[in-house]
1. With charges set only on the Cβ (+1 for Lys and Arg, -1 for Asp and Glu), what does the dipole of the chain come to about its Cα centre, in debye to the nearest 20?
2. Take the solvent-accessible surface of the protein heavy atoms, probe 1.4 Å, and return the percent of it on the range 238-332 that carbon and sulfur atoms account for.
3. Rounded to the nearest Å, what's the spacing between the alpha carbon centres of the range 137-188 and the range 434-461? Just the number, please.
4. Project the alpha carbons of the chain onto their principal axes and report the range along each, largest first, in whole Å.
5. Charges on Cβ only, +1 for Lys and Arg, -1 for Asp and Glu, centred on the Cα centroid of the range 84-230; of TYR105, PHE118, ASN197, which one is farthest towards the dipole's positive end?
6. Place +1 on the Cβ of every Lys and Arg and -1 on the Cβ of every Asp and Glu in the chain, take the dipole about the Cα centre, and give the residue among TYR184, LEU368, ALA395 whose Cα lies farthest towards its positive end.
7. Per residue of the range 392-406, in order, report the coupling 6.51 cos²θ - 1.76 cosθ + 1.60 (Karplus, θ = phi - 60°) as ³J(HN,Hα) in whole Hz, putting x for Gly and Pro.
8. How much length would be gained if the chain were fully extended between ALA280 and HIS268, taking 0.36 nm per residue of separation minus their Cα-Cα distance, in nm to one decimal?
Amino acid sequence: MSNPTKVAFIGSECYPFIKTGGLGDVMYALPKALTAQGCEVRVFVPKYHCIPQKWRDLMVFRGNFYIPLCSDGKQYYVGIMEYINDGVIYDFIENDEFFSWGKPYTDLYADIPKYCYFSKASLDAMLYMNWIPDIIHCHDWQAALVPVYLKTLFSQSELRGAKSVLTIHNLRFQGMCSEDHLRYWSGLPDEAFKGENLSQGYNAVNMMKGGLAYADKITTVSRTYAYEIQTDFYGERLNGHLSYHSGKLTGIVNGIDCDIWNPATDSHIPVQYDAENVIAKKAQDKEALQERLGLEKDSGKFVIGLISRLTDQKGLDLINAIMPQIVDDNTQVAILGTGDKFYEDSFRWYEETNKGKVCSCIMYDEDLSHEIYASADALLVPSLFEPCGLTQLIAMRYGTVPIVRETGGLKDTVEPYNKYEDCGNGFTFDRYESYLLLDAVNRAKELYFSNRSSWDKMVVRDMNKDVSWNNSAKQYLELYQQLG
Ligand code: ADP
């Protein structure tokens with residue numbers, strides 16, 4: 001493989017331009033970490049209309065052309081708008097017909113054409129720019145057709161030598177539709193639809209399934225999730241397919257960008273701190289947050305944070321079930337999230353009935369998330385399933401003790417507190433039961449209120465834990481090199 005390794009990233013979101021969850025963080029931080037390790041990385045992302053103007057103003061026109069997309073050969077415009085930052089080149093694929101609506105997703109029926117176009121246009125953009133990568137690293141179902149295109153429509157192109165890696169960030173989302181719909185929009189040849197690679201039942205196809213079959217390597221974002229998705233419970237009906245392809249499947253845990261998430265320099269928080277002065281300074285941040293959110297101002301209270309998409313994946317049913325038992329005169333809860341109306345309304349109700357003790361911020365707010373990470377004592381992540389999870393990593397970086405369910409990346413990144421040896425990073429529970437979550441919360445409270453010196457030592461231990469991309473980026477690099 002050439003040195004430096006040339007890597008193309010293809011995915012549907014990328015911080016700071018557009019982010020709805022952890023995928024956006026990874027699409028930003030991993031290319032940056034790989035660049036630091038000597039790779040040449042280009043990131044391909046749609047130029048959605050909802051990308052803030054300040055970023056659109058920085059993009060430079062790189063070229064345009066037309067591609068045939070659908071099975072009837074209909075032509076579509078492709079514009080390439082470029083932005084370079086920290087040595088990473090971002091190529092935004094422009095087409096108003098597909099990307100001028102949605103935030104950025106709409107409904108699956110409309111999103112399928114959008115991401116067929118995006119996958120194919122990204123490959124054509126590489127050819128147009130005469131930039132031939134060694135590795136094409138695709139992310140989630142939105143880019144899962146890329147390996148299929150590479151081995152069919154692009155098999156005679158200059159890209160024929162490029163190897164593909166498909167990373168599963170969340171197996172729940174797969175891009176399923178009728179075969180006719182995908183046949184039309186993808187323009188893929190008949191051979192792609194033969195056999196079991198794309199098909200899933202009568203006249204149904206699954207883009208993720210196809211990508212997994214055609215990719216040279218599959219990765220997912222933790223070792224435990226790589227194992228779990230081969231089981232019935234977590235496999236989202238692809239467990240058999242994944243077991244069949246398990247020889248090319250590995251789990252590499254995510255990191256976080258330690259420049260963005262750095263309490264010593266974070267301009268979003270009132271009082272910066274490091275591992276030396278965290279105990280005193282974090283208390284000041286806590287009081288500032290309490291004031292901002294209308295919680296009773298007292299740094300002696302135990303503040304539990306929740307920063308999450310509000311969906312059933314995140315274990316919110318468990319939290320709902322025990323909320324009255326979590327909140328008391330010494331315990332407050334600060335919630336930041338958006339999502340399913342049912343959860344939004346239940347958290348609003350808990351705020352209404354526990355004024356001064358519970359605050360539910362039903363919104364997406366990057367700045368406020370920094371404040372909560374910095375100010376809370378503990379962060380809840382009791383997920384039903386969690387491929388990797390970033391919030392527990394960010395929490396530890398800010399000396400906020402995670403309370404997590406032992407699943408996926410939560411299991412791989414949070415070592416349970418052991419009171420006999422005074423080690424560990426957080427509080428954990430295994431089965432998906434509300435009383436076990438309550439028990440974990442109570443163990444946290446007990447340590448906080450009755451053995452503060454051990455609690456404080458855990459806070460410092462968490463801040464010193466390596467949650468950066470360094471190790472994981474090296475593992476990706478090794479994987480790329482195996483493919484060379
Ligand atoms: P997922 O990708 O399943 O949503 P992750 O834990 O991998 O979960 O990543 C979530 C990311 O989104 C984190 O960076 C978290 O801080 C951020 N986030 C989630 N909800 C919000 C919100 N309402 N406001 C701001 N940031 C949020």
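The values are calculated or read from the model by the stated rules, or taken from the named source; none is laboratory data. The structure displayed is predicted, hence computed values, not measured ones. FYI the Cβ positions are ideal-geometry reconstructions off the backbone, even for glycines, and counts take in every protein chain you see. SASA here: full protein model, heavy atoms, side chains in, ligands and nucleic acids out. Shrake-Rupley method; radii C 1.70, N 1.55, O 1.52, S 1.80 Å.
1. Once rounded to the nearest 20, the dipole reads 660 debye.
2. 46 percent
3. 46 Å
4. 68, 45, 41
5. Checking the options against the dipole of the range 84-230, the answer is ASN197.
6. Positive-most Cα among the choices belongs to TYR184.
7. For the range 392-406, the Karplus curve yields 5, 6, 4, 4, 4, 4, 9, x, 9, 7, x, 10, 10, 8, 7 Hz.
8. Here the answer is 2.5 nm.
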